[in-house]
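J.: Here it is, the structure in full.
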Amino acid sequence: MKRFNMIDENFICDNCGFIVDKLNYTARDHCPNCLYSKHLDINPGDRKNNCHGLMKPIGIEKYKDTFKIIYKCLKCGKTHKNKIASDDNMDIIIELSTK
């Protein structure tokens, strides 16, 4: 079974209202402005999760030659990680890395 469905689409952030453009090199799953995400998937891009809660960025971890954002769902409490994007707000990434 395919575990990654490539969905790279524009959206409006439910947390800050920022109009988010497609990433155009991989699937975007979070707002580059505030780094919040939405709990939509069970496996990346499947849109099968019924929670739909906001995923708050709570930390950063080193991953190979880049970093991952650590999220916690504000509705169900599940944690999730995803790679940072090239246009993410570096001020917030730096702030998260100090926690």
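The values are calculated or read from the model by the stated rules, or taken from the named source; none is laboratory data. Here the structure is a predicted model, which is why all the values come from computation and not from measurement. Positions of Cβ are generated from backbone atoms using ideal geometry, with glycine treated the same way; all protein chains shown enter the neighbour counts. Accessible surface areas use protein heavy atoms only, side chains included; no ligands, DNA or RNA. Shrake-Rupley method; radii C 1.70, N 1.55, O 1.52, S 1.80 Å.
J.: Which one, (i) 12.8, 38; (ii) 23.5, 69; (iii) 12.2, 32, gives Rg and Dmax of the Cα atoms in Å as derived from the coordinates shown?
T.: Derived directly from the coordinates: (i).
J.: Further question: What FRET efficiency comes out for the pair Lys75/Asn10, r = Cβ-Cβ distance, R0 = 22 Å, nearest 0.05?
T.: It comes out at approximately 0.40.
J.: Given H placed on each backbone N at 1.01 Å, which residues far from Phe67 in sequence or on other chains put an amide H within less than 5 Å of it?
T.: Counting only residues 5 or more places away or on other chains, the set is Ile84.
J.: Summarise the accessible area of the stretch 50-89 (1.4 Å probe, protein heavy atoms) by the percent that is carbon and sulfur.
T.: Carbon and sulfur atoms account for 49 percent of the accessible area of the stretch 50-89.
J.: Largest first, what is the accessible-area ranking of Leu54, Leu23, Leu74 with a 1.4 Å probe?
T.: Sorted by accessible area, descending: Leu74, Leu54, Leu23.
J.: Quick check: pseudo-label points 7 Å beyond the Cα along Cα→Cβ at Asn43 and Ser97, how many nm apart are they?
T.: My value for the distance between the label points is 3.3 nm.
J.: Per-residue accessible area for Glu95 at 1.4 Å probe radius, Å² rounded to 10?
T.: Spelled out: Glu95, probe radius 1.4 Å, area about 100 Å².
J.: Please compute the contact order of the chain in relative form: average sequence separation of alpha-carbon pairs under 8 Å and at least six residues apart, divided by the residue count, as a percent.
T.: Relative contact order of the chain: 21 percent.
J.: Using a 1.4 Å probe and ignoring any ligands, DNA or RNA, find the accessible area of Tyr63 and quote it in Å² to the nearest 10.
T.: 70
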